[in-house]
Amino acid sequence: MPLLFREIWLPPAEDGIVQKLRWGRSKDLDVTRDVTAVQGPETLDTAYIERWCAEHGTTGRWASLLESLPEL
């Protein structure tokens with residue numbers, strides 16, 4: 001049976017960013033940087049990301065990531 005016209009749930013970009021910051025592997029941080037750059041930090045719920053980073057102790061990773069974003 002095809003999955004047409006069925007509701008699915010996809011996590012928002014912010015949840016993916018938070019999780020990858022927690023994992024902290026090089027490839028995860030690269031993906032997180034790329035998603036943030038393409039999405040644009042101004043379109044993300046940065047307060048949500050920062051709240052979870054504070055909870056998980058990854059605020060430094062988030063700050064470093066923001067500083068490393070390429071100029072678009």
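Just to be sure I follow the definition: excluding the sites themselves, where is the longest run in the chain that has none of the GluC sites (Glu not before Pro) in a DSSP loop with at most 16 other Cβ atoms within 10 Å?
So the longest stretch without any such site is 8-70.
Modelling each spin label as a point 7 Å along the Cα-to-Cβ direction, I'd like the GLU71/THR59 distance in nm, to one decimal.
With each label point 7 Å from Cα toward Cβ, the separation is 3.0 nm.
Would you work out which of PRO41, TRP9, SER26 lies farthest towards the positive end of the dipole of region 2-61, given +1 charges on the beta-carbon of Lys and Arg and -1 on that of Asp and Glu, about the Cα centre?
Value: SER26.
Sorting LYS27, LYS20 on the 10 Å Cβ count, fewest up front, what's the list?
Sorted ascending by nearby Cβ count, the order is LYS27, LYS20.
Please give the calculated 222 nm ellipticity per residue for the chain, where each DSSP H segment of at least 4 residues contributes -39500 (n - 2.57) and the sum is spread over every residue; nearest 500 deg cm²/dmol?
-19000 deg cm²/dmol
Going by C-beta contacts inside 10 Å, put ARG25, ARG33 in order with the fewest on the left.
Ordered by Cβ neighbours within 10 Å, fewest first: ARG25, ARG33.
Which loop-located chymotrypsin sites (Phe, Trp or Tyr not before Pro) does region 1-67 contain, where loop means any DSSP state but H, G, I, E or B and the Cβ has at most 12 other Cβ atoms within 10 Å?
Answer by residue number: PHE5, TRP9.
How big is the dipole moment of the chain about its Cα centre under a simple scheme where the beta carbon of each Lys and Arg is +1, that of each Asp and Glu is -1, and everything else is neutral? Debye, nearest 20, please.
Charge dipole, the chain, about its Cα centre: 320 debye, nearest 20.
Considering every pair of different Cα atoms, what Kirkwood radius, in Å, is found for region 13-67?
Value: 10.7 Å, from the Cα pair sum.
Only the coordinates and a few stated rules stand behind these numbers; no lab work does. Computed from a prediction, not measured in an experiment: that's the story for all the values here. Glycine gets a Cβ as well: all are built from the backbone with ideal geometry, and neighbour counts include every protein chain shown.
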